[in-house]
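Okay, structure first, notes after.
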Amino acid sequence: MISKRLASVVALMVFTLALATPSIATGQESSSRAESMAPSKPAAPLADIPTDTPAPDAPSAALRDLLVAACAHDEPSFEKILTARNAEAFSRLAPAARIELMKRFVLLDGVGKPMISANPSGRPEIRCTTTDGAADIQLGGTELHDNIALLPLDIRDASDLHTGDPRHILMGMVREKASWKILSLGMLFLDLPSLEIEWDQASIGANEKAALVDLKNIAAAIENYRKTYTRLPESLGKLGHATKRSAEAAGLLPSDLVSGQSNGYTYRMVIVGANDIGAPARYELSATPIKYGRTGNLSYFLDAKGKLHAADHQGAVGHSLDPVVE
């Protein structure tokens, strides 16, 4: 079934008309004309264009490709249809936030398999099928306003095509460097740099909780390694996976933690305490926000006695004098 996301789309999106740098003319192109915008030639009648697909540089072709990418959670293809400013911000979003944004364009939760067809007028139709349901998306005729294009689309539950009411959404496209890019959703203008900050700040609490769990998992993996190989690993890299487990690849941690970055935090291990008279080596662990104020505020520190500490150090490494946390 199509998820009830439309209200949250409008509530979540923060938009600005400043993205629309091209001037907007007052004239309107008929939807019966070609959608591609060749500056030196008049637009060709739709009858002169094959009805099974829009021109490659048409606004509807770009919107079709964006919806197909959103259905399949295809991040590289989706990013190509964003304006340069939004594409840069999209690349910086956390993986979960990028997926969440794509979900909102097709109103489905799971990753889907897209199928493209055309209606009798040659306009694109997309069916996005997931394990939980499917949606049919139909694109309407394009209105051209100089370098701005407005495209209506209807989204229906594919299991209820005849009785269910479709959701009507008006999309805006802008011509940027000879290519059409998504500019608006429901006539609200998309500003991913602003959303990037809001989404990051909204996820700080979840990131901090996840970082605490990650530190405990890393500590458990280190102790497991010590019991198995009677020594501490020289680095987190020794705890990663390989075809055959060994002291060099113990298979005790997932790849993101082995790399030292996960859930908006950077993780470091330091061996301390060993000496020449036989004192056993111990270790300390730290977790600091990758971007302070964006991916986290608290710095975590696991001391050599196994106590966890947390405090706000403006992104710097914590220490054993910080308050103890469970």
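The values are calculated or read from the model by the stated rules, or taken from the named source; none is laboratory data. Keep in mind it's a predicted model, so treat the numbers as computed, not measured. Every residue, glycine among them, receives a Cβ derived from its backbone with ideal geometry; neighbour counts consider all protein chains shown.
Please determine, by comparing only the residues of the stretch 253-278 that are in a strand (DSSP E or B) and buried (at least 18 other Cβ atoms within 10 Å of the Cβ), which one is modelled with the lowest pLDDT.
By that ranking, first place goes to SER262.
In this structure, does LYS238 turn out to be modelled with pLDDT of 90 or more and either touching an Asp or Glu at 6+ places or on another chain (Cβ under 8 Å) or surrounded by 14 or more Cβ atoms within 10 Å (Cβ to Cβ) (or both)?
When the stated conditions are applied, LYS238 passes them.
Collect the residues in the stretch 82-99 that are among the polar types (S, T, N, Q) and buried (at least 19 other Cβ atoms within 10 Å of the Cβ), keeping them in residue-number order.
Within the stretch 82-99, THR83, ASN86 qualify.
Would you check if there is a residue in the stretch 100-110 being of a type outside the set (Lys, Arg), surrounded by fewer than 17 Cβ atoms within 10 Å (Cβ to Cβ) and either in the same structural domain as HIS168 (by TED's automatic domain parsing) or within 14 Å of ILE182 (Cα to Cα) (or both)?
First, pick out the residues of the stretch 100-110 that are of a type outside the set (Lys, Arg): 100-102, 105-110.
Within this subset, residues satisfying the condition of being surrounded by fewer than 17 Cβ atoms within 10 Å (Cβ to Cβ) are 100, 110.
Applying the additional criterion that residues be either in the same structural domain as HIS168 (by TED's automatic domain parsing) or within 14 Å of ILE182 (Cα to Cα) (or both) yields 100, 110.
Yes, because at least one residue in the stretch 100-110 is of a type outside the set (Lys, Arg), surrounded by fewer than 17 Cβ atoms within 10 Å (Cβ to Cβ) and either in the same structural domain as HIS168 (by TED's automatic domain parsing) or within 14 Å of ILE182 (Cα to Cα) (or both).
Return yes when GLU125 is assigned to a helix (DSSP H, G or I), of a type outside the set (A, V, I, L, M) and surrounded by fewer than 21 Cβ atoms within 10 Å (Cβ to Cβ) and no when it is not. Walk me through it before giving the result.
Values: assigned to a helix (DSSP H, G or I): no; of a type outside the set (A, V, I, L, M): yes; surrounded by fewer than 21 Cβ atoms within 10 Å (Cβ to Cβ): yes.
Taking the combined requirement at face value, the residue does not satisfy it.
Count, please, the residues in the stretch 279-312 that happen to be surrounded by 18 or more Cβ atoms within 10 Å (Cβ to Cβ) and either under 26 Å from ALA97 (Cβ atoms) or not aliphatic (A, V, I, L, M) (or both).
17
For the stretch 128-155, how many residues meet the condition of being free of Cβ contacts under 8 Å to residues at least 60 places away in the same chain and either in a loop (DSSP other than H, G, I, E, B) or farther than 19 Å from LEU82 by Cβ (or both)? Lay out the reasoning, then the answer.
Residues of the stretch 128-155 that are free of Cβ contacts under 8 Å to residues at least 60 places away in the same chain, as a first pass: 129-131, 134, 136, 138, 150, 152, 154.
Narrowing further to those that are either in a loop (DSSP other than H, G, I, E, B) or farther than 19 Å from LEU82 by Cβ (or both): 129-131, 134, 136, 138, 152, 154.
Count: 8.
Say whether the condition of being in contact with a helix residue (DSSP H, G or I) (Cβ under 7 Å, 6 or more places away or on another chain) and farther than 25 Å from ALA58 by Cα is met by at least one residue in the stretch 111-122.
Yes, the stretch 111-122 contains a residue that is in contact with a helix residue (DSSP H, G or I) (Cβ under 7 Å, 6 or more places away or on another chain) and farther than 25 Å from ALA58 by Cα.
So which of LEU144, LEU139, LEU170 is within 19 Å of SER184 (Cβ to Cβ), modelled with pLDDT of 90 or more and in contact with a strand residue (DSSP E or B) (Cβ under 9 Å, 6 or more places away or on another chain)?
LEU139
Being polar (S, T, N, Q) and either in a strand (DSSP E or B) or crowded, with 16+ Cβ neighbours inside 10 Å (or both) is the requirement here; does THR243 meet it?
In short, no.
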